[in-house]
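What follows is calculated from the coordinates using simple rules that are stated; it is not laboratory data. Note that the structure is predicted; figures quoted are calculated from it, not measured. Neighbour counts run over all protein chains shown; Cβ positions are idealised from the backbone, glycine included.
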Amino acid sequence: MRIARFAVGDEVRYGVVDGGSSTPSGNGNGNGAGGGGLTVAELAGHPFGPGAEVTLTGARYPVADVRLLAPVLPSKIVAIGRNYLEHARELGNEPPAEPLIFLKPSTAVIGPGDAIVRPDTLSKRVDFEGELAIVFGRLCRDVPAARVPEAIFGYTCANDVTARDLQASDGQWARAKGFDTFCPLGPWIETDLDAADVQLTTTVNDEVKQDSRTSLLIHDIPTLVSYVTAVMTILPGDVLLTGTPAGVGPLVAGDSVSVSIEGIGTLTNRVVDSS
């Protein structure tokens, strides 16, 4: 089931996306372009937290006529660095023995079709990093590996946008990873997915830059969830970014960057400069 967060006029709602396409042509952002033949059936309330149920109101909209938003607004985004061997090595690092955790602020989140804003007065190199994102459906802490599926609501596509030069100069990653617009999520949450071995590709202006599989994660999904929840309490709707494969590279104003994950769909964002 594909759960989307969308706007009809000024009203924000959740819905279930139906239709054969996994890519919302035109991203359904109210521009009347395509929509891939998709429709979204409105939900009553939201699908997260205790007692949440998927109950339909009966209202249904063509995706082309609504604006798809980031599918969730998390209290926090927990991210994992250097979790693909070849990516660690392409940046001159050895893979960590344990998951390398960092945080991105919730204010970095944007949705499909929204603009990634390069802080060009502060950074000279801003990179894309396509990733599989886990969306949690319940409050949890100290989750054993065997019970990880109970904590996961679903999966979505993410782009861990990074100011690479600031990451190197600062010696820590908060500024480089934390700018507004540096965490695109979408286009929706897929709740019925075995994410252990799915293809992940990132394209820039339709040119493939990253092409890998989640089976190549150094630390797999059960390990990551158990590790992170041993450190902090996870709230419903929180997001865990699982790491990016090799092939990261710079973005410039005018680029269109897309992260596609098998079984989920495609997240596309354009790039603009702040100045």
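A few notes on this one:
- Percent of alpha-carbon pairs separated by more than 18 Å within the range 209-275: 55
- Fraction in percent of alpha-carbon pairs per bin - 5 Å, the range 139-225: 3, 11, 15, 19, 21, 19, 10, 3, 0
- With the cut-off at under 16 Å, measuring from each backbone N in the range 210-252 to a point 7 Å along the Cα-to-Cβ line of ARG141 picks out 226-236.
- Over the range 77-273 - Rg/Rh using Cα atoms and the Kirkwood inverse-distance radius: 0.93
- Chain lengthening between LEU235 and GLU98 when straightened (0.36 nm per residue, less Cα-Cα): 47.0 nm
- Each of the peptides 73-80, 202-209 was scored by the mean count of other Cβ atoms within 10 Å over its residues; in descending order, highest first, they stand as 73-80, 202-209.
- Using just its DSSP H runs of length 4 or more, each adding -39500 (n - 2.57), the chain gives a mean residue ellipticity at 222 nm of -2500 deg cm²/dmol after division by all residues.
- Cut-off 20 Å (backbone N to label point 7 Å along Cα→Cβ of SER256), residues of the range 193-210: 201-210
- Among ASP192, ASP238, ASP114, residue whose mean-square fluctuation peaks in a GNM of the chain (springs only between Cα atoms under 10 Å): ASP192
- Candidates GLY247, GLY171, GLY130, ranked by Gaussian network fluctuation over the chain, Cα under 10 Å, top entry: GLY171
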